[in-house]
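Read the figures in this text as sums done on the coordinates, not as results from a lab. Quick caveat, the model's predicted, so the values are computed rather than measured. Cβ placement follows ideal geometry from the backbone for every residue including glycine, while neighbour counts extend to all protein chains displayed.
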Amino acid sequence: MTKWQGDNVSKTGRWFLAVLVAGLAACRSNTPPPAPAEAPLPDERPADFVLAATVYSPRSMEKARLPRSLKPARYIIEADGVLRAAVGPGSAGTTFPGQTRRLTPAEFDSLWRMVRESGLLDPGSAWRVEDPGEITRASDRTTALVYVGYGGRRTTLRLLLDRSGPEAVAAERVVDRLAELAWVPE
C-alpha cells in the first residue's frame, strides 16, 4: 500500500465514522423514555407491608363528639403486625405510640385487602404527596396523613376526611378500621 493509499483509507475511515456518529445523533430523540408501568398490587399481603395514619382535627372540634375515624390520632402498623396507637389532641406525625396489640394474620391480611382495594395506592391519585416534608395540614378541616409501604414501594397521601370523594371515604374507612383494631370506642 502506498503512502497516498494509507492516507486515503485513514481519511475515508474518519469520514465514515463522522457520518455514522452524526446519523446516530440525529436518530436520538429528545423525548424521555416512558415511565415504567406500575406493577399490579399483589393479592397477598407483602411481607414488608406497613401503614401509618395520622388524623388531625381542627382545634375548634376538640370538644365535639366525633366519630372515632375523625378523632385526632396516630396509628402505626409495623411489618410484623404490631399496632401502635395514640388517640387525642396531642397525637401528631412525630408521635411514636407504644404497642397497643399485635394483629392476627387474618386481621393483617384483611387490612392489606382493604388498603389495596381502597384506591389509595392509585399512582395517579391527586392526594399523593411526593415530598412528605412539604405536607401541611388543613387547620379548619379534619386531615389524614397516610403512609403505606409495601413491596419496596412507598406512598404518602394527604386527604381531607370530608367524604367529598371516593378516596376521602376510603381513607376514613381505613382509619376507622385502625381505630377499631386499636379498641377505640365509637
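FRET efficiency for the Thr104 to Arg65 pair, using the beta carbon distance and R₀ = 41 Å, is estimated at 0.85. Each of Ser110, Ser118 was scored by other Cβ atoms within 10 Å of its Cβ. Listed from fewest to most, they are Ser110, Ser118. Each residue in Thr156, Thr95 was given a count of other beta-carbon atoms within 10 angstrom of its own, and listing them fewest first yields Thr95, Thr156. If the Kirkwood radius is taken over C-alpha pairs of the stretch 90-133, then at 37 °C and 0.692 mPa s the Stokes-Einstein diffusion coefficient equals 245 µm²/s. Distance between the modelled labels on Arg113 and Asp48, one decimal in nanometres: 2.5 nm (7 Å Cα→Cβ projection). Only the Cβ atoms of Lys and Arg (+1) and of Asp and Glu (-1) were treated as charged; on that basis the dipole of the stretch 85-186 about its Cα centre amounts to roughly 220 debye.
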